[in-house]
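K.L.:
Before I ask anything, let me first share the structure, which is written out below as structure tokens.
The numbers here are math on the coordinates, done by the rules we state, and not lab data. All values derive from a computational prediction rather than experimental measurement. Methodologically, a virtual Cβ is constructed for each residue, glycine included, from the backbone with ideal geometry; neighbour enumeration extends over all protein chains shown.
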Amino acid sequence: MSREVPLFLALDQGGHASRALVFDATGKLVASAQKNIATLHPGRDRVEHDPVALLTSVMQTCNAVARQLGTHRTRIQAAGLATQRSTLVCWERETGRALSPVISWQDRRGARHAASLASHASRIHEVTGLVLSPHYGASKLAWCLDNLRPVKQALRWNRLAAGPLSSFMLANLLIEKPLLADPVNVSRTLLWDYRQHNWSPELLELFRIPAQILPRCVPNRHPYGHLRLGIRDIPLTVVTGDQPAALYAGGDPADDSIYVNIGTGAFIQRPHGETPPQVPGLLASLLWRAQDHALYVLEGTVNGAGSALLWLCLRSGISEKVMLAQMPAWLTSKIKVPLFLNGISGLGSPYWVPDLRSRFIGRGDTKQKMLAVVESIVFLLCVNLERMHSIDAPLKRIVASGGLTQWDGLCQRLADLSGLPVHRPILHEATATGLARLLGVRARVPPTSHVFVPAENAALKHRYADWRVALETALAKMKTDT
């Protein structure tokens with residue numbers, strides 16, 4: 001390892017693990033560490049993490065890469081942080097002590113509060129670019145203010161701070177303990193005016209959120225503070241969300257490409273430049289904000305991807321390890337597959353139904369049901385993709401990343417059904433790699449390990465058509481029942 005080449009530290013805090021990766025200026029990975037975190041389900045529709053355990057996991061990974069680097073740790077020039085968007089925490093302003101759980105983006109405890117504001121949904125979308133959904137931070141924060149005694153007490157004493165997970169981490173990990181937020185994570189709170197780039201007084205009043213508890217928002221690239229690593233204080237200069245960071249893993253995003261990242265959830269994004277997109281049922285999401293401009297993507301979300309497979313593992317009594325080992329072979333089998341209406345963690349775009357009951361249509365053993373869940377992820381991605389075609393510019397490819405895209409059978413199904421070639425670059429950590437590029441790493445564009453060319457697949461297309469009918473029927477019945 002050359003002693004002259006600068007190093008960059010990328011911190012990726014995800015739904016299942018915290019990761020620290022160190023890259024040199026050419027993009028070579030020189031050290032990495034991972035610490036798994038527990039996802040807790042303390043009640044119906046509740047998904048959370050322990051805040052102390054989460055912070056500890058991040059520091060453990062930082063210390064691990066420092067040990068791997070030895071004296072080379074002094075060459076780390078800057079650090080960046082990417083976190084789960086829409087995940088929220090309340091904490092004590094002076095000490096950084098958590099006053100709430102880390103409430104996951106998958107959590108829906110605020111569904112009733114969000115539903116009470118249904119008459120304002122159109123205005124909320126106009127201001128934020130998002131839909132009214134309990135997955136975003138506002139209804140979760142309102143729940144904390146209404147139900148958690150430590151949060152109420154801290155508010156009375158003017159000691160309360162609240163905001164995205166990224167802000168909580170900054171307040172605890174950096175020497176300066178700043179009360180700051182990046183615009184990408186803030187834009188998922190339903191409290192942010194995405195055109196004015198500021199908190200919306202109108203929406204703060206609507207959700208009954210006191211402005212004084214919220215962090216000050218600064219651009220994604222900013223001198224946030226310093227991270228202590230051994231005897232060295234490393235400037236943390238970039239903060240963003242996990243999915244936007246992943247878009248930069250292969251270089252600057254291309255407007256003729258669709259980007260799909262499949263992990264706990266699945267996210268499909270289409271770059272849209274400096275103009276916020278407007279497509280019914282989809283999101284106008286912030287990709288990056290500098291001092292003088294902002295970049296946007298058109299985005300769709302599938303809430304139940306890896307989480308849906310884990311749900312079925314628990315119901316079927318098989319381990320995640322066995323499922324992961326068997327899935328590549330299962331995906332090549334020519335067996336009859338039932339349909340799966342995937343409402344795990346709520347049905348995302350373009351339907352936005354938080355309480356769809358997940359169920360299989362048709363019989364099947366564990367293998368057949370696992371395949372049905374995988375196909376439901378592909379089906380939901382394609383529903384979103386069809387709406388993305390409404391923009392005039394032609395699409396040439398899908399770029400796939402995330403753990404589940406390592407399955408050839410999933411990528412081939414996506415190509416067959418979408419009619420677009422699916423490119424899978426050689427990327428093992430898309431979020432961290434993209435974050436490293438945003439920090440200033442100038443790596444070569446990663447080569448494509450495989451291109452999945454669309455093939456005729458009449459049986460898959462027939463199941464897709466049947467699945468759409470079944471889903472629309474179920475949604476229509478939900479409306480009549482209410």
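K.L.:
Exactly which GluC sites (Glu not before Pro) in segment 81-171 are in a DSSP loop and have at most 14 other Cβ atoms within 10 Å? The partial results should precede the final answer.
P.N.:
Working: sites: Glu92, Glu94, Glu126; in loops: Glu94.
Passing sites in segment 81-171 are Glu94.
K.L.:
Quick one: plug the Kirkwood hydrodynamic radius of the chain (C-alpha pairs) into Stokes-Einstein at 20 °C, 1.002 mPa s, and report D in µm²/s. Please list the in-between numbers first.
P.N.:
Details: Rh = 22.8 Å.
Once the numbers are plugged in, D ends up at 94 µm²/s.
K.L.:
How large is the helix-only mean residue ellipticity at 222 nm for the chain, computed as the sum of -39500 (n - 2.57) over DSSP H runs with n ≥ 4, divided by its residue count, in deg cm²/dmol to the nearest 500? Can you show the working numbers first?
P.N.:
Values: 15 runs with 167 residues, N = 482.
Theoretical 222 nm ellipticity from helices: -10500 deg cm²/dmol.
K.L.:
I'd like the distance separating the alpha-carbon centroids of segment 418-482 and segment 332-405, in whole Å.
P.N.:
9 Å
K.L.:
To continue, here is another question. Between Leu204 and Gln278, what FRET efficiency follows from the Cβ-Cβ distance if R0 is 30 Å, with the result rounded to 0.05?
P.N.:
On the way: r = 24 Å, r/R0 = 0.79.
Here the calculated transfer efficiency is 0.80.
K.L.:
Looking at the square roots a ≥ b ≥ c of the eigenvalues of the Cα gyration tensor of segment 7-242, which shape do they give, rounded for a/c under 1.5, prolate if a/b is larger than b/c, or oblate?
P.N.:
prolate
K.L.:
Same structure again: Hey, fewest Cβ within 10 Å first, where do Thr95, Thr71, Thr189 land in order? Spell out each step's value before the answer.
P.N.:
Working: Thr95 11, Thr71 8, Thr189 28.
Going from least to most buried by this count: Thr71, Thr95, Thr189.
K.L.:
Another one. Over all directions, average the projected area of the Cα convex hull of segment 118-162 and note it in nm².
P.N.:
Values: hull surface 15.3 nm².
About 3.8 nm², averaged over all directions.
K.L.:
Now for a separate question. Where in segment 130-202 are there chymotrypsin sites (Phe, Trp or Tyr not before Pro) that are in a DSSP coil and have at most 14 other Cβ atoms within 10 angstrom of their Cβ? Write out the running numbers ahead of the final one.
P.N.:
Working: sites: Tyr136, Trp143, Trp157, Phe168, Trp192, Tyr194, Trp199; in loops: Tyr136, Trp157, Tyr194.
Passing sites in segment 130-202 are Trp157.
K.L.:
Right, here's the next one. Write down the percent of antiparallel bridges among all DSSP beta bridges whose residues are both part of the chain, to the nearest 5. Spell out each step's value before the answer.
P.N.:
Numbers: 57 of 78 bridges.
For the chain, the DSSP antiparallel bridge percentage is about 75.
K.L.:
I've got another one for you. Quote the relative contact order of segment 7-242 in percent (integer), defining contacts as alpha-carbon pairs under 8 Å separated by 6+ residues. Before the final figure, lay out the partial values.
P.N.:
On the way: 507 pairs, mean separation 47.6, N = 236.
With pairs under 8 Å counted, the relative contact order is 20 percent.
K.L.:
As a footprinting exposure proxy, order Ser133, Ser116, Ser167 by other Cβ within 10 Å, with the fewest listed first. Before the final figure, lay out the partial values.
P.N.:
Details: Ser133 25, Ser116 11, Ser167 28.
Placing the least packed residue first, the sequence is Ser116, Ser133, Ser167.
K.L.:
Once amide H atoms are built 1.01 Å from N in the peptide plane, which residues 5 or more positions from Trp192, or in another chain, come under 5 Å H to H?
P.N.:
Close amide H contacts, sequence-distant or interchain: Ser200.
K.L.:
Rank these for me by crowding, His120, His72, going from fewest to most other beta carbons within 10 Å.
P.N.:
Working: His120 15, His72 18.
In increasing order of surrounding Cβ atoms, one gets His120, His72.
K.L.:
Take the residue pairs Lys367/Lys477; Lys321/Lys396; Lys152/Lys177 and return only those whose Cα atoms are more than 31 Å apart. Please report the intermediate quantities before stating the final value.
P.N.:
Working: Lys367/Lys477 29 Å; Lys321/Lys396 35 Å; Lys152/Lys177 22 Å.
Correct reply: Lys321/Lys396.
K.L.:
Tell me whether segment 121-215 comes out rounded, prolate or oblate; compute the Cα gyration tensor, take square roots of the eigenvalues as a ≥ b ≥ c, and use a/c under 1.5 as the rounded threshold.
P.N.:
Numbers: a/c = 1.98, a/b = 1.30, b/c = 1.52.
Oblate shape, in that a/c is at least 1.5 and b/c is the bigger or equal ratio.
K.L.:
Let me ask you something else. If you add up the charges near Gly251, with Lys and Arg at +1 and Asp and Glu at -1, over every other residue whose beta carbon is less than 12 angstrom from its beta carbon, what do you get?
P.N.:
Numbers: positive: Arg437, Arg442, Arg444; negative: Asp252.
That works out to +2.
K.L.:
Which ³J(HN,Hα) values in Hz, rounded to whole numbers, follow from the phi angles of segment 305-312 under the Karplus curve 6.51 cos²θ - 1.76 cosθ + 1.60, where θ = phi - 60° and Gly and Pro get x?
P.N.:
Per-residue couplings from phi come out as 10, x, 5, 5, 5, 5, 4, 6 Hz.
K.L.:
Rounded, prolate or oblate: pick one for segment 30-96, where a ≥ b ≥ c are the square roots of the eigenvalues of its C-alpha gyration tensor, a/c under 1.5 means rounded, and failing that, prolate if a/b is larger than b/c, else oblate. Walk me through the numbers before you get to the answer.
P.N.:
Numbers: a/c = 2.64, a/b = 1.96, b/c = 1.34.
Here segment 30-96 falls in the prolate category.
K.L.:
Now for a separate question. Taking K and R as +1 and D and E as -1, what net charge do the other residues with C-beta under 9 Å from the C-beta of Leu160 add up to? Walk me through the intermediate numbers first.
P.N.:
Numbers: positive: Arg93, Lys152, Arg156, Arg159; negative: Glu92.
Once all neighbours under 9 Å are counted, the net charge is +3.
K.L.:
I've got another one for you. Quick check: net charge around His272, other residues with Cβ under 11 Å of its Cβ, Lys/Arg +1 and Asp/Glu -1? Before the final figure, lay out the partial values.
P.N.:
Working: positive: Arg270; negative: Asp255, Glu274, Glu299.
Combined, the nearby Lys, Arg, Asp and Glu give -2.
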